[in-house]
């Protein structure tokens, strides 16, 4: 009777040791895999943000149908010299709002994401990367689109300049998974409008904003005499 009890205890102890070993291995693999999973999650989230931004810009530009002359007014002197370029910040604000809304709509449709990562990749070995059955990880990410505009001037030859109105987007996200909260950001640009301005052009200009802390693209480019 005592032998049976001792054997039962011995078996239970052995199983407990095995379970502890398996649990230890799992914890070690989990800690080792966390940076890899987070990296995968960030890569996927950034790809989705880039796609959302591109689609938002394309949709907004097609919907509003803004051309360069709708966003900027070039003022000239009697001798055809360019005296100023005034940006229509009200229309840029409409464009900004439209793009921001489209970005949020696109990303909010994919709040929950599933990552499928091969076990071999989680081992962090170059020879096992991409191999083995895939493990599913659920991921959630938040996003905050911040949009602004800037003007870019480059020479386009004698008495000509190339003017671009550029959309700047800074998207900040947060990956929340495996008990980790990892923030990241993506900076993107797109061209809202561009044109070549011909005529005598001054050598310098002054960029004047509406207020010191204004967030709108109210830029008036006053060229020097």
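All of the numbers you see were taken from the coordinates with simple rules; none came from a lab. Bear in mind that the values here come from a model prediction, so they are computed numbers and not experimental data.
Could you compute how fast the range 74-117 diffuses translationally, taking Rh as the Kirkwood radius over C-alpha pairs and applying Stokes-Einstein at 10 °C with viscosity 1.306 mPa s? Give it in µm² per second.
111
Against the empirical 2.2 N^0.38 Å scaling, what ratio does the C-alpha Rg of the range 20-82 come to?
2.47
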